[in-house]
Amino acid sequence: MNKLASDLGTEKISKLLIKQAVPATIGILVMSLNMIVDTIFVGKWIGVLAIAAITVVLPIAFLISSIGMGIGIGGSSIISRALGANNYEKAFLTFGNQICLTVILAITFVLLGNLFSVPILNLFGAKGDILPIASDYFSVIIYGVPFLAFAMMGNPTIRAEGKPKFAMYAMMIPAVLNILLDILFIKVFNWGMWGAGLATSLSFASCGLYILYFFLSSKSELQIIPKNFKLDHKIVREIVELGGVSVVRQGAVSILMIVLNYSLYKYGGEISIAIFGIINRVMMFALSPVLGVSQGFLPVAGFNIGAKKNDRIKDTIKISVYFGSIIGTIIFLGIVFFKEEIIWVFTNDATLLSETPNAMLIVFLATPIVTMQLIGSAYFQAAGKAIPALILTLLKQGFFLIPLAYFLPKYYGVNGVWWSFPIADILSTVITVLVLKREVDKNLN
């Protein structure tokens, strides 16, 4: 066992979380910055409708690539527990099955995405003048999705073997490349949305290829062994049960995007979709540290669950929630005091500058408490308990946000969409805390 992986069972929890969460946070921050810069460039150099087009297309790409993420998270949970129990054979077999599943499923869904591109774009909200711009972007970005799926599979797996810095590098490389290619393809070559899509697609490829290089190198404990590509029924079932949580969550996010774009277009027009496009980018960037804490939590909790060290598991939960809540509060205060300045970075459009700040403030109202919900669902994934993990994961987007975003605008117009976010956050967090407390009292005391 490598030293960093063995430290997961012995080192001080706060120090471990920092080791795991900081690289994860930096990686997510850089990837989110990539999305923000992408939005800034198309907004400044192409137009407001280009922001709306990206808002429509990217959830489709992430839905397809979430298959890789689900396989990665499900497999990494098995790998973390296997390493904690010193079962290296199971860890290596799981890794081989992860690769095989990701390649088969990603390519299948990309083919389907190509065959039915227009109906899919329509379903996700590419209406009116948005459709032709979204089609240009989608026609290129779809070819980068298999690489993204492989990268999203590999990233949590790298963290599971105790190598968070390499997982961070894998997220930083495509972000930097995408920014440089955006400038070249959009500004210099004037290739418009097709150029923006090409830049993003090539950046996805760079991420996937870097992760492939890592697994082929001596740096990885989990070497690629062809005989482990043969699918094992028990391993595949466990990967699907645990990873299905992430896929279903992304599926719920995709349904949410359909509902949001429908409500926003109906009650606020194309401009409201552009407003949400900006808010969504800010949300991805601002919440990166909180997401980093939850990502750092998974390998630490998973290893100690496998090693049956209950006191360390409880400490991991408490310290993760504590860190995340402090960070969430700081993020919210930043939004309160700098919301106008943040929007100005994205656009010079007068309507967007006047309407976006207050909408963004409403969306971020419950940010100080969201870590509790994230850690609650992450714990059950780390523990290999698929059903409660699935239910808690779906609480916000599936059970609360989707119906709220559909029904509230009927009575409160486009403001109903914005208010649906903090209401869903509060309701899902309360339920998650109650479920997690019951689990701790029952199984960890």
Next on the checklist: Tell me the per residue accessible area of the chain using a 1.4 Å probe; a whole number in Å² is fine.
Outcome noted: 39
Checklist entry - Over the heavy atoms of Val321, what accessible area does a 1.4 Å probe trace out, to the nearest 10 Å²? => result 30
Checklist entry - Between the range 286-360 and the range 94-114, what's the alpha-carbon centroid distance in Å? => result 30
Item to check | For the chain, with +1 on Lys and Arg beta carbons and -1 on Asp and Glu, the positive-most of Leu101, Ser139, Leu436 along the dipole | outcome: Leu436
Checklist outcome for this item: Taking Cα atoms, the helix 270-286 axis meets the longest principal axis of the chain at an angle in degrees (rounded to 10) of 30
Item to check | Nearest 10 degrees, 0 to 90: helix 88-115 Cα axis against the chain principal axis | outcome: 20
Checklist entry - Reachable lysines from Lys318, Cα under 27 Å, same-chain residues fewer than 8 places away excluded? => result Lys3, Lys12, Lys15, Lys19, Lys163, Lys165, Lys308, Lys309, Lys385, Lys396, Lys437, Lys442
Item to check | Cleavage-rule hits (trypsin sites (Lys or Arg not before Pro)) in the range 287-341: DSSP loop, at most 14 neighbouring Cβ within 10 angstrom | outcome: Lys308
Checklist entry - Can you give me the Cα centroid spacing of the range 1-76 and the range 362-414 in angstrom? => result 19
Item to check | Accessible-area composition of the chain, carbon plus sulfur, in percent [1.4 Å probe] | outcome: 70
Checklist entry - Reachable lysines from Lys187, Cα under 25 Å, same-chain residues fewer than 8 places away excluded? => result Lys44
Next on the checklist: Helix 370-382 against the longest principal axis of the chain: what's the angle in degrees, Cα atoms only, rounded to the nearest 10?
Outcome noted: 40
Checklist entry - Under a GNM of the chain (C-alpha, springs under 10 Å), which listed residue has the highest mean-square fluctuation: Thr102, Thr329, Thr316? => result Thr329
Checklist outcome for this item: Given (i) 122; (ii) 206; (iii) 130 as possible values of volume of the Cα convex hull per residue in Å³, the one from the coordinates is (i)
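The values are calculated or read from the model by the stated rules, or taken from the named source; none is laboratory data. Worth saying up front: this structure is predicted, and the values here are computed from it rather than measured. So basically every Cβ, Gly included, is an ideal-geometry build from the backbone, and we count neighbours across all protein chains shown. Side chains are part of the model used for accessible areas, which takes the heavy atoms of the whole protein and leaves out ligands, DNA and RNA. Shrake-Rupley method; radii C 1.70, N 1.55, O 1.52, S 1.80 Å.
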